[in-house]
Amino acid sequence: MTKSNTDQIYFTVTAIVLLVIALIFVVNKASNEVDQLQQEIDTQNQILDSLNLKIDTLLWEKEIWDHNIENNITHLLSAIMFVESSYNDSAYVASEDAVGCLQIRKCMVKDVNRILRKQKSELKFSYDDRWSRAKSIKMFDVYCKYYGLITAEEIARCWNGGPRGMQNEMTARYWEKVKNQLDI
């Protein structure tokens with residue numbers, strides 16, 4: 001073999017080896033990218049499954065409320081707001097330090113924050129949050145769910161008289177006012 005043939009073979013073999021190494025590198029990199037994309041797809045599928053579960057739960061809860069006007073929380077909440085403040089987000093009763101559309105006292109904020117801590121939630125309300133309709137409604141929701149209040153009467157009387165509001169005769173009059181707003 002001549003030196004030029006040997007050089008040509010050496011060059012060809014070197015080129016093939018470099019090509020094989022480059023292909024291995026490209027395939028390995030592509031494989032890693034495929035693995036990363038698969039992990040991202042799995043993560044997105046888990047998020048999607050979680051959202052679907054929340055949607056199913058919300059639809060289920062909506063169906064319950066739609067079929068039982070006594071438990072329709074939106075209608076009930078509206079009636080309670082009317083009784084408490086005539087829908088006035090700026091309502092304030094100084095003698096009770098009751099604030100906002102749901103006339104929330106400081107003890108209610110403390111109780112809701114206690115519930116949230118117990119549930120290991122990062123959410124926390126301040127006394128000033130009572131002036132916000134959205135935050136007041138959120139406190140109402142946390143309170144009612146925690147105490148397992150189901151019927152309109154339970155919700156109204158326990159909102160007015162605390163967790164044992166059903167045993168307090170003073171809350172019966174409050175319930176009558178709310179019931180009149182519900183037209184039931």
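The values are calculated or read from the model by the stated rules, or taken from the named source; none is laboratory data. This structure is a prediction, so every number in the text was calculated from the model and none was measured. Using ideal geometry, Cβ is built from the backbone for each residue, glycine included, and neighbour counts are taken over all protein chains shown. Accessible surface is based on the protein model in full, side chains and every heavy atom, while ligands, DNA and RNA are left aside. Shrake-Rupley method; radii C 1.70, N 1.55, O 1.52, S 1.80 Å.
Trypsin sites (Lys or Arg not before Pro) within the stretch 94-167: which are DSSP loop residues with at most 10 other Cβ atoms inside 10 Å? Write out the running numbers ahead of the final one.
Working: sites: Arg105, Lys106, Lys110, Arg114, Arg117, Lys118, Lys120, Lys124, Arg130, Arg133, Lys135, Lys138, Lys145, Arg157, Arg164; in loops: Arg105, Lys120, Lys124, Arg164.
Passing sites in the stretch 94-167 are Lys120.
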> So for the chain, taking the charge dipole from beta-carbon charges (+1 Lys/Arg, -1 Asp/Glu), which of Val93, Trp159, Val142 sits furthest toward the positive end?
Replying inline: Val93
> Hey, in the GNM for the chain with a 10 angstrom Cα cutoff, which one of Phe11, Phe125, Phe25 fluctuates hardest?
Replying inline: Phe11
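If the only charges are +1 at each Lys and Arg Cβ and -1 at each Asp and Glu Cβ, what is the size of the charge dipole of the stretch 102-157 around the Cα centre, to the nearest 20 debye?
Numbers: 14 positive and 7 negative charges, 52 e Å.
Charge dipole of the stretch 102-157: 260 debye, to the nearest 20.
Rounded to the nearest 500, what is the chain's calculated 222 nm mean residue ellipticity when only DSSP H runs of at least 4 contribute -39500 (n - 2.57) each, over all residues? Let's see the in-between values first.
Details: 6 runs with 128 residues, N = 184.
It comes out at -24000 deg cm²/dmol, rounded to the nearest 500.
Over 30 Å between Cα atoms, which of Lys54/Lys177; Lys118/Lys177; Lys106/Lys177; Lys120/Lys177; Lys29/Lys54 qualify?
Details: Lys54/Lys177 34 Å; Lys118/Lys177 33 Å; Lys106/Lys177 24 Å; Lys120/Lys177 36 Å; Lys29/Lys54 38 Å.
From the list (Lys54/Lys177; Lys118/Lys177; Lys106/Lys177; Lys120/Lys177; Lys29/Lys54), the Cα-Cα distance tops 30 Å for Lys54/Lys177; Lys118/Lys177; Lys120/Lys177; Lys29/Lys54.
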>> Check which residues have an amide H placed less than 5 Å from Ile104's amide H, if you skip close sequence neighbours.
In response: Val99
>> For the pair Glu176/Cys107, report the inter-label distance in nm, with labels modelled 7 Å from Cα in the Cβ direction.
In response: 2.4 nm
> For the stretch 15-31 and the stretch 116-173, what is the separation of their C-alpha centers, rounded to whole Å?
Replying inline: 65 Å
> What is the spin-label model distance, in nm, from Ser132 to Arg164 if the labels are put 7 Å beyond Cα along the C-beta direction?
Replying inline: 3.3 nm
>> Treating only the Cα positions of the stretch 116-184 as identical point scatterers, give the base-10 log of I(q)/I(0) from the Debye formula at each q in 0.20, 0.22, 0.23 Å⁻¹.
In response: -0.90, -1.00, -1.05
> Of the residues Ile41, Ile115, Ile155, which exhibits the maximal mean-square fluctuation in a Gaussian network model of the chain defined by a 10 Å Cα contact cut-off?
Replying inline: Ile41
> Considering the values (i) 1.20; (ii) 2.01; (iii) 1.04, which represents Cα Rg over 2.2 N^0.38 Å as calculated for the structure under consideration?
Replying inline: (ii)
> For the chain, which whole-number percentage of the solvent-accessible area (1.4 Å probe, protein heavy atoms only) is attributable to carbon and sulfur atoms?
Replying inline: 58 percent
> Given springs between every Cα pair under 10 Å in a Gaussian network model of the chain, which of Ala91, Ala134, Ala30 has the largest fluctuation?
Replying inline: Ala30
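For the chain, report the accessible area per residue in Å² (1.4 Å probe, heavy atoms, rounded to an integer).
Numbers: 12820 Å² over 184 residues.
Accessible surface, normalised per residue, equals 70 Å².
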> Suppose R0 equals 45 Å; then what is the FRET efficiency for Asp42 and Lys3 from their Cβ-Cβ distance, rounded to the nearest 0.05?
Replying inline: 0.20
